[in-house]
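The values are calculated or read from the model by the stated rules, or taken from the named source; none is laboratory data. Predicted model, so just to flag it, every value in this text is computed and none were measured. So basically every Cβ, Gly included, is an ideal-geometry build from the backbone, and we count neighbours across all protein chains shown.
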Amino acid sequence: MIVLRGPILRPWTRLAGALLLAVALSATTLSTALAEADQVARRGRCSGGPSRWTLAIRRADDDTLRVRLAVTGGRADQKWNVYMDHNREGFFFGSRTSGPGGFFLVRRRVANLAGADTISFGANNVPSNEICRGRASL
């Protein structure tokens with residue numbers, strides 16, 4: 001009878017351990033990807049000034065998307081003209097006045113259309129002519 005001991009079994013146990021680790025990591029990555037499939041956020045800098053923007057889209061339910069645009073870092077009490085579109089069809093045009101820290105926020109709900117949904121925006125600081133532009137797809 002042959003008894004396997006010592007260095008002959010070590011490569012097999014190392015291989016089995018590596019396979020278990022790979023399966024565990026891929027399951028974690030898959031569950032994270034599935035959880036994040038319901039939301040996306042993009043960030044960027046504005047041209048001609050210190051401001052930064054964040055555009056976030058979240059699936060509220062099967063029929064509705066929540067859209068959130070935040071701009072920070074500019075000066076307080078400045079007027080911004082903002083437009084937003086959903087798959088190239090405008091759904092918001094208005095103005096906001098920045099608060100402390102140059103912060104302003106736009107929140108809207110839009111229909112969750114079949115296929116990919118792309119939200120684009122543009123924001124213009126009227127006094128400084130600073131321009132923010134961005135897009136995100138879900």
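ASP85: in the same structural domain as VAL110 (by TED's automatic domain parsing), assigned to a loop (DSSP other than H, G, I, E, B) and modelled with pLDDT of 90 or more, yes or no?
Numbers: in the same structural domain as VAL110 (by TED's automatic domain parsing): yes; assigned to a loop (DSSP other than H, G, I, E, B): no; modelled with pLDDT of 90 or more: yes.
Considered against the rule, which asks whether it is in the same structural domain as VAL110 (by TED's automatic domain parsing), assigned to a loop (DSSP other than H, G, I, E, B) and modelled with pLDDT of 90 or more, ASP85 comes out as no.
Of the residues that sit in the range 66-103 and are under 18 Å from the mean Cα position of the chain (by Cα) and under 17 Å from SER47 (Cα atoms), which one is surrounded by the most Cβ atoms within 10 Å (Cβ to Cβ)? So that I can check it myself, show each step before the final result.
Step one: list which residues in the range 66-103 are under 18 Å from the mean Cα position of the chain (by Cα), which gives 66-72, 84-87.
Next, only the ones that are under 17 Å from SER47 (Cα atoms) stay: 69-72.
Values: LEU69: 23, ALA70: 16, VAL71: 25, THR72: 17.
For the range 66-103, the residue satisfying everything is VAL71.
Only one of these conditions is not met by VAL106: (1) of a type in the set (A, V, I, L, M); (2) loosely packed, with under 15 Cβ neighbours inside 10 Å; (3) under 22 Å from the mean Cα position of the chain (by Cα). Which number is it?
(2)
Tell me whether the range 45-64 contains one or more residues that are exposed (fewer than 14 other Cβ atoms within 10 Å of the Cβ) and of a type in the set (Ser, Thr, Tyr).
Within the range 45-64, one or more residues are exposed (fewer than 14 other Cβ atoms within 10 Å of the Cβ) and of a type in the set (Ser, Thr, Tyr).
Which of the residues spanning the range 113-128 are farther than 17 Å from ARG52 by Cβ and either surrounded by fewer than 18 Cβ atoms within 10 Å (Cβ to Cβ) or among the hydroxyl-bearing types (Ser, Thr, Tyr) (or both)? Full working, then the answer.
At the first step, the residues of the range 113-128 found to be farther than 17 Å from ARG52 by Cβ are 113-120, 126-127.
Listed by number, the residues that qualify are LEU113, ALA114, GLY115, ALA116, THR118, SER120, VAL126, PRO127.
Is there any pair with a first residue in the range 60-89 that is in contact (Cβ under 8 Å) with a residue 24 or more places away in the chain and farther than 14 Å from PHE103 by Cα and a second that is hydroxyl-bearing (Ser, Thr, Tyr) and surrounded by fewer than 18 Cβ atoms within 10 Å (Cβ to Cβ) whose Cβ atoms are under 6 Å apart and which are 6 or more apart or on different chains, and what are they?
ASP85/SER120; ASN87/THR118
Identify, please: which residue in the range 122-138 is in a strand (DSSP E or B) and not aliphatic (A, V, I, L, M) and is, among those, nearest to SER47 (Cα to Cα)?
Narrowing the range 122-138 to residues in a strand (DSSP E or B): 122-125, 131-137.
Keeping just the survivors that are not aliphatic (A, V, I, L, M) gives 122, 124-125, 132-135, 137.
Details: GLY122: 11, ASN124: 10, ASN125: 10, CYS132: 6, ARG133: 9, GLY134: 11, ARG135: 15, SER137: 22 Å.
The residue in question is CYS132.
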